[in-house]
Every structure is written in C-alpha cells, then in structure tokens.
1. Just for segment 332-384: of the residues that are assigned to a strand (DSSP E or B) and charged (D, E, K, R), which one is least open to solvent (accessible area, probe 1.4 Å)?
2. Is it the case that segment 168-186 has a residue that's open to solvent by less than 90 Å² (accessible area, probe 1.4 Å), of a type outside the set (Asp, Glu), assigned to a helix (DSSP H, G or I) and more than 26 Å from Ala219 (Cβ to Cβ)?
3. Asn629: open to solvent by 10 Å² or more (accessible area, probe 1.4 Å), polar (S, T, N, Q) and closer than 21 Å to Lys672 by Cβ, yes or no?
4. Test Pro725 against the criterion of being outside the structural domain of Leu774 (by the TED database), open to solvent by 80 Å² or more (accessible area, probe 1.4 Å) and modelled with pLDDT of 70 or more, and give yes or no.
5. From the set of residues in segment 414-454 that are of a type in the set (Gly, Ala, Ser) and open to solvent by 40 Å² or more (accessible area, probe 1.4 Å), which is farthest from Ala369 (Cα to Cα)?
6. Can you find even one residue in segment 604-618 that is out of contact with any Gly (no Cβ under 9 Å at 6 or more places or on another chain), in contact (Cβ under 8 Å) with a residue 24 or more places away in the chain and part of a loop (DSSP other than H, G, I, E, B)?
7. When both residues are 6+ apart or on different chains and their Cβ atoms are under 6 Å apart, which pairs have a first residue that lies in segment 785-800 and is closer than 22 Å to Arg737 by Cβ and in a helix (DSSP H, G or I), and a second that is open to solvent by less than 10 Å² (accessible area, probe 1.4 Å) and among the small types (Gly, Ala, Ser)?
8. Tell me yes or no: at least one residue of segment 348-363 is within 39 Å of the chain's Cα centre (by Cα) and in contact (Cβ under 8 Å) with a residue 40 or more places away in the chain.
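The values are calculated or read from the model by the stated rules, or taken from the named source; none is laboratory data. These figures come from a predicted structure and were not determined experimentally. Glycine also receives a Cβ, built like all others from the backbone with ideal geometry; neighbour counts cover every protein chain displayed. With ligands, DNA and RNA removed, areas are computed over all heavy atoms of the protein, side chains included. Shrake-Rupley method; radii C 1.70, N 1.55, O 1.52, S 1.80 Å.
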Amino acid sequence: MNLIVNLADIVSLIGVLTAIVCLLRAWPRVFRQDSRITLLAFLITSLFMYTSNFLEWTGITGNLDPFEDYLEVLVPLFLTAFGYTFIQHATEERLRSSEARYRTLIESATDGILLLRGNRFADCNASLLRIYGCSREAIIGRTPWDFSPERQPDGSLSSESASRYIARAATGEALFFEWQHCRLDGTPFDAEISLNRLNAEEPDTQIAIVRDITARKQAEAALRESEERWQFALEGSGDAVWDWNLHAGRMFRSRRWEEMLGIPAGANSQTPEDWQRRVHPDDLPRVQRELDLTLSGEKPQYVAEYRLQHADGRHRWILDRGKVTLRGPDGAPWRMVGTMSDITERREAEADLVESRQRFSQFMGQIPAAVFIKDTDNHLLYVNDYLRLQFGADNQPDSASSNGPTSPYLARMAADDARVLAEGVVVTSEIIPDVNDRPRHLETRKFVIQRVGKSPLIGGISLDVTELRHSEEERTRLEDQLRQAQKMEIIGRMAGGVAHDFNNLLSPILGYTEMALLDMHPEDPLFADVKNIREAAERAAGLTRQLLAFSRRQVLDMAVLNLNRTLSDLHKMLRRLIGEDIELVLRLSADLGNIRGDVDQLQQVVMNLAVNARDAMPGGGRLILQTENTTLAEGNAVLPPGVYVALSVIDSGCGMDAETLSHMFEPFFTTKERGKGTGLGLSTVYGIVKQHGGHIEAISQPGQGTTFRILFPRVEAPPSGEANPAEEEPAGPGSARLLVVEDEAMVRKMVCDILRAHGYRVLEAAGSDEALALMAAETEPVDLVLTDVIMPRMNGRELYERILRMQPGVRVLYMSGYPAEVIAEQGLVRETIHFLQKPFSVRTFLETLRGILEDA
C-alpha cells in the first residue's frame with residue numbers, strides 16, 4: 001500500500017509539474033478568462049493536497065487515510081487530461097491567430113486573390129471584389145467565365161480556355177497568362193493571372209492572383225501609338241535615324257538607311273566603319289572634319305552634305321544632321337544621335353537650276369533684243385548683253401540714283417511703270433538714242449512679274465525695229481508690186497487663153513513672109529512690102545513674148561541655181577505675204593548643193609506653200625523654211641538612190657487629217673470656204689516639182705502643224721549665168737523623112753512648105769489619130785516627129801509615146817503657142833525635150849531641126 005501511495009505521489013508530482021509548465025507557457029497567450037480561473041482552482045487544490053502529502057511522507061505530519069491517497073492520485077491525472085485539453089485549445093487559438101494574420105495579409109494585397117474549388121470561386125479578398133465591382137455574395141460559387149466575355153481576344157471560347165488552364169494547374173503546373181475579364185456591370189478589362197495548385201492533397205483547390213493591367217495596356221497602346229506616329233513621321237519625312245554609342249563603339253541605323261542605299265534588309269553592319277567606307281572619297285575629309293568639331297564640342301550641332309555610295313555603285317546626296325546627347329565625366333562624347341535625309345533630287349534640281357540659269361544667260365546673250373527685269377523702284381535686277389552694249393545700261397545698285405536714271409533707256413522705261421502695274425502688260429513704241437547717240441526705233445513690251453509674298457517686278461523686251469522702219473518705203477513698193485502682180489495674174493490668164501490662137505496666126509505670117517523674102521530679089525517692088533509685113537509680125541510675136549514673160553507664163557527656163565539664194569531673195573516678199581503675226585524662220589544649210597530648175601517656177605512653189613501655211617495659222621504662228629543636203633539609199637519607193645537637195649516648209653498651224661492628206665494634191669480639192677480657194681495651189685506645186693524631177697510629201701496631224709518636204713536632184717555644176725550662145729551657121733538643105741502633126745491647117749501647111757522647100761520629105765497629119773494611122777501604114781521609118789503639144793483627143797507627148805512604141809528611137813520636136821504653165825501640165829520640161837515656142841522664124845526652125853537630126 002505504501003508502495004502504491006509512493007508511486008502515486010511520484011506520478012502526481014510529475015503531472016502537477018507538467019500542468020504547471022503548460023500553464024506557464026499557455027497562460028499569457030491563448031487561454032480565455034474562464035479557462036484561466038478553472039485551471040487556477042485545480043492547481044491550488046492539487047498544490048494543497050501535495051503539500052499535505054509531502055509533509056506526511058517526510059514524517060512531518062501523520063499518515064492520511066486511504067481515501068485521501070486515492071484522491072491524490074486521481075486529481076493529478078484529472079489535471080493532466082485537463083491540461084492536454086487546454087494545450088489543444090491553445091493550438092487551435094494559435095492556428096486561428098495565424099489564419100487571421102494571413103487573412104489580414106491577403107486582404108491588404110492590392111492584387112485580387114481568389115480560391116478555386118473545382119471550377120468555382122470559393123473565397124476571395126476585398127481587392128478582387130473591387131476589381132470585379134461586386135460583393136462577396138455575387139462572386140462566391142460562380143465560375144471564371146461568368147465574369148468573362150464569351151470569347152477571348154484570340155477568338156477562343158472563354159469557358160473552354162478557362163477549363164484548360166484550371167486542368168493544367170491541377171497537375172501542379174504554375175501558370176501565368178493574360179485574360180480578359182468583365183466586371184459585374186459588363187465592362188471588360190485586361191488582367192494578368194497567376195494560377196497555382198494549393199497543395200498536392202487537394203488538386204482541385206487552386207489559388208489565383210488577378211492583377212488588373214488595364215492601365216498598363218492603355219499605356220502600352222499609347223506608347224505604341226506614339227511610336228507609330230514617330231515612325232510614320234520619320235517615314236513620311238523620308239529620313240533615316242542613327243544612334244551612335246561611342247562609349248561602346250556601336251551604331252544603330254534605322255531601316256530607312258538601308259532603303260536609301262539599296263542595302264538588303266539585315267545586311268546593315270551597324271558599324272561606323274561601314275558608313276565611312278560608303279562616303280565619297282572627295283567628301284570624306286570635309287565630313288570627318290565637321291564630325292570631329294562636333295564631337296570635341298567646338299560646334300553644337302553636326303551638319304554636313306555629302307555623297308554616299310548606293311548599292312548599285314552610284315552615289316546619293318545625303319544631308320546628315322546630329323548632336324551629342326551624352327558625355328562622360330571627363331567631357332568625352334558617349335552618345336550621338338541624328339538623322340539622314342536623301343537630298344539627291346534637291347541637289348539635282350539645284351544643278352538643273354544652275355544649268356537653266358546658264359542656258360537663260362546664254363540665250364539672252366544671243367537674242368537681238370534688249371531684255372531687262374527691274375523692281376518698282378527702277379533698280380535693274382537683270383539686263384542682257386544687248387541692252388548693256390547698245391544702250392549702256394547695267395544692273396548695278398546705283399542704276400537708279402536720287403537724280404534719276406542716267407541712261408536714256410532707263411529713263412524711258414521708268415515712265416510707264418505705274419501703267420504697267422495697273423494694266424499688267426503695256427506695249428509701246430519709242431525712239432531712244434543708243435550709246436553712239438544714234439536714234440533707234442524700239443517696240444517694247446513691258447509686263448508684271450508676280451512674286452509670292454513679295455512686291456512684283458517689271459520685265460521688258462525691246463525689239464529694235466529701226467531697219468524695219470527704214471524699209472517702210474520698200475515695203476510699200478513691194479505691196480504695190482504684189483497688187484500689180486495680182487492684176488497681171490488676171491491679164492496673164494487672159495493672155496494664156498488667147499496665146500495659142502494668136503501665135504498660130506503669127507506663125508504662118510512669119511513663115512511665109514520669110515520664105516517669100518528668100519525667093520525675092522531685093523530690087524523687087526514687093527520686097528519692101530513683104531519685109532514690112534514680116535517685121536510687123538515679128539513685133540507682134542515679141543509683144544506676145546513680153547506679155548507672157550511679164551505674167552511669168554512662158555516655158556520653163558531651166559538653169560543651175562542654189563535654193564538658199566532663191567529663198568533669201570523671197571524672204572521680204574514672204575514676210576509681207578504671211579503677215580506680222582507669223583514668225584518667219586530661215587534655216588539654210590551652209591554647204592547646200594545646187595539644183596537645176598526654173599527660178600520663177602520654184603518661187604511659185606514656195607509662195608503657194610507659204611500662202612497655205614498662212615491660211616492654216618489664222619491666230620499667228622511660226623513658218624520655217626529649211627534646206628539641207630540628203631541622200632536616198634537603195635530601196636526607197638519615191639526617187640532613184642543618190643544625192644538630193646531637200647526643201648522643207650514647216651508651219652505650226654491646225655494640221656490635216658489622214659483623209660485630207662490623201663486628196664491634197666488633187667486638182668480643185670480645197671478645204672477653204674467657197675470663194676476663198678481654187679484648189680489648184682498644191683496641184684500646181686505638185687506638177688512643178690514633178691517637172692523638175694523631184695518629189696513632194698506632206699506630214700501632218702490635226703493640231704500638230706504641217707511639214708512639206710520637197711526633194712530635188714542635186715547637180716555638181718556651178719550656178720548658171722546669162723547665156724551667150726555663139727552664132728551658128730545657117731542650116732543647109734536636108735533630106736530626112738519627117739512626120740508633121742498640127743491641128744491648125746494654116747500652121748501645118750506653112751511648116752510643111754518650109755520643110756519641103758528645104759529638101760525634107762514630109763508626112764503631114766491633122767491630128768493624133770491620122771498620125772498614128774500614117775505610122776501604121778508606112779513601111780519606111782521616119783527620122784523625126786514634129787508635133788504640136790496641145791491637140792484634141794491626144795496631146796503631143798502622148799502621141800509621141802504611142803509612136804515611140806511603134807518605132808523605137810524616133811526623135812521628136814514639140815511646138816506650141818501655149819504658155820509655160822499649160823505646157824508643164826502636159827508633163828513636159830524644157831530642159832529634157834526639144835521645143836519650139838510659136839511663133840518662130842524659118843531660120844530658128846531649121847537650125848533647131850538640123851541640130852536634133854545631127855545629134856541622132
């Protein structure tokens with residue numbers, strides 16, 4: 001029993017000590033007030049009992065009864081159990097305190113924190129409620145896609161994407177991603193989500209941290225927009241940006257640098273050495289010097305224009321600007337930024353401007369007129385060489401002094417300034433002395449030159465018309481001649497109409513009187529009368545020839561000539577003919593070859609073409625007469641190959657369409673109004689050109705003007721002078737067999753009588769049909785055909801061509817009383833045929849005939 005009591009005492013003592021230790025540790029922290037009172041009561045009772053038991057055990061007091069001993073054993077055990085309960089309670093209090101601390105931490109976080117169980121919200125902090133704009137009751141139990149739009153920005157369904165993220169987090173994967181949520185009121189916002197599994201034992205329990213990045217997204221968008229605007233501005237300006245980190249030895253250049261120099265993307269080495277290699281060798285020292293001055297701080301900004309080598313090997317002009325933006329503690333440059341602009345087009349434009357100014361200066365230096373530009377204060381800003389040399393004016397600052405302009409020209413030019421500024425254009429005529437005090441007649445056109453943002457200038461051109469004024473009398477005389485020529489045109493036409501009949505009448509008179517005189521003795525009483533008849537007939541024939549020559553209707557008089565001389569002689573007449581509103585320009589080749597032609601007919605060609613050009617330019621324009629040597633090669637379809645002289649008549653008129661060009665050389669074809677054209681001008685030109693063995697063609701388009709180009713065969717002979725043929729011996733008798741074709745019976749009989757009287761054998765025919773019949777019936781060939789040019793049914797040329805087919809090689813002698821233009825219409829050119837102009841003398845007739853026969 002004592003042993004039990006002793007063991008109980010020991011155990012009780014250990015329990016009491018344990019309870020005291022637990023009490024001391026738990027008392028100040030987690031015990032509530034009522035727990036503290038209960039525990040204190042049990043502790044006092046146990047201490048009292050153990051004190052009593054201790055005294056008894058040590059013998060200080062007597063033994064306690066057995067009940068007290070058992071109670072002493074139960075009380076410590078009971079106290080131990082009670083202590084364990086309170087220790088557990090203290091642990092729970094500690095856990096609650098920890099949870100409170102963590103709750104405080106979570107609630108104080110600015111990011112939203114939520115707890116997910118499965119796919120639904122289980123708990124969250126106040127920041128999350130603030131972010132979502134809702135209460136705790138509105139969010140607990142909801143799913144993440146309940147607070148998301150139907151689809152995310154990438155197009156995926158929010159419910160499917162959220163489920164995939166939650167499933168991945170359940171496997172232990174830590175996720176960080178962006179998500180678009182919606183607040184309770186439907187407002188969308190961007191968020192960053194950090195999603196993690198809470199622990200491995202509870203994979204369906206996950207914690208998510210939600211950060212509202214709307215402001216950051218807006219800032220990023222604003223930054224991107226700002227960068228895009230900056231990029232667009234750079235691209236719009238066409239400038240390249242460079243950033244040189246001198247401290248690190250690196251250089252950044254924008255993509256525009258590569259584009260300017262044709263460098264493939266990514267091939268830019270981004271080193272300063274690459275830039276130096278591309279700088280033109282002639283520019284590099286100057287550019288490097290400017291760069292060094294900026295880097296050393298002697299210049300605040302770097303500006304240089306130089307050439308950089310393009311990828312294709314050419315060089316582009318660059319305007320390079322930069323500034324040092326960062327220096328080290330010792331002042332050494334660490335960073336420099338700048339831009340490059342491609343100014344190639346500007347430099348080329350500047351070069352073109354310089355060239356244009358040089359051309360302008362050279363042109364103005366050659367123009368035979370005084371040209372000036374001045375301001376409204378009469379200060380000359382520009383004068384050409386002509387004005388300076390002829391009138392002593394110069395563009396010096398003191399050209400308009402306080403005493404007025406010293407040059408008479410400047411004084412006169414200043415008189416109308418107010419009127420020029422008011423009206424815009426003023427045309428005046430004045431007489432101003434030149435530097436040699438000679439009066440010069442000037443026609444001046446003064447006009448206003450407007451300038452943007454500045455006061456206007458006054459320009460002027462003065463044309464010296466002194467020589468023109470001096471030639472007024474000659475002009476008047478030429479006008480009279482032209483009017484007279486027009487009158488004579490009518491007379492000439494009348495003369496041409498009767499020339500044939502008149503000459504046919506004179507021919508037998510002259511022929512028979514001359515034959516009669518040959519058969520008569522000078523002492524014959526009738527000799528003087530017959531001689532008077534012949535002389536009267538000769539005077540009548542001479543009068544006819546003078547009339548035809550005066551009206552330029554004689555036969556072609558071919559001679560070697562130079563077209564330059566012909567056009568120069570025509571210049572004044574053409575100038576008057578076409579009018580003052582048309583500029584006449586002669587472009588004559590200095591080494592132009594000679595041709596064989598009739599001067600009068602060629603002048604007629606030029607006059608007709610000039611009149612047509614004038615009529616095509618009713619509002620004025622430009623007429624150019626141009627000559628040149630040219631060569632036609634084999635294969636052309638117009639003329640044989642060889643050397644030719646070309647005459648071009650070029651106008652700036654209304655031009656012609658293809659339909660008009662196809663008919664323009666047809667007789668009587670005209671585009672002019674009724675009564676204003678005969679339609680014979682160009683057909684006459686065509687006939688004359690063909691008579692000269694040439695070719696004419698026209699090139700024209702509506703609104704583009706017209707060019708007539710005429711080709712004449714070139715000859716190497718020098719220009720012809722007056723012919724002085726040597727006297728020939730009178731022709732003797734002949735014996736040749738001749739065919740005479742003449743529709744005028746009187747003329748035919750006279751010709752045949754002369755021929756028979758001089759021993760010739762003669763076949764005579766009254767027309768072409770009779771002549772062809774005779775040739776067909778005759779077996780003996782004839783030696784020569786003597787035919788009239790103009791006959792019914794068939795002209796002399798056509799008849800000869802038919803006879804030539806019947807008897808090849810037979811010669812021909814033409815005769816006619818018609819004027820030259822009628823003969824030309826028959827395709828006969830005097831230089832290429834044998835021709836007798838009616839009336840003719842017996843001597844001339846026989847000599848011509850004998851010469852042809854002897855040549856055969």
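1. Ranking the candidates gives Lys374 first.
2. Yes, segment 168-186 contains at least one residue that is open to solvent by less than 90 Å² (accessible area, probe 1.4 Å), of a type outside the set (Asp, Glu), assigned to a helix (DSSP H, G or I) and more than 26 Å from Ala219 (Cβ to Cβ).
3. Considered against the rule, which asks whether it is open to solvent by 10 Å² or more (accessible area, probe 1.4 Å), polar (S, T, N, Q) and closer than 21 Å to Lys672 by Cβ, Asn629 comes out as no.
4. Spelling it out, it is not the case that Pro725 is outside the structural domain of Leu774 (by the TED database), open to solvent by 80 Å² or more (accessible area, probe 1.4 Å) and modelled with pLDDT of 70 or more.
5. Among those that are of a type in the set (Gly, Ala, Ser) and open to solvent by 40 Å² or more (accessible area, probe 1.4 Å), it is Gly453.
6. no
7. Every condition considered, the pairs that remain are Leu799/Ser768.
8. no
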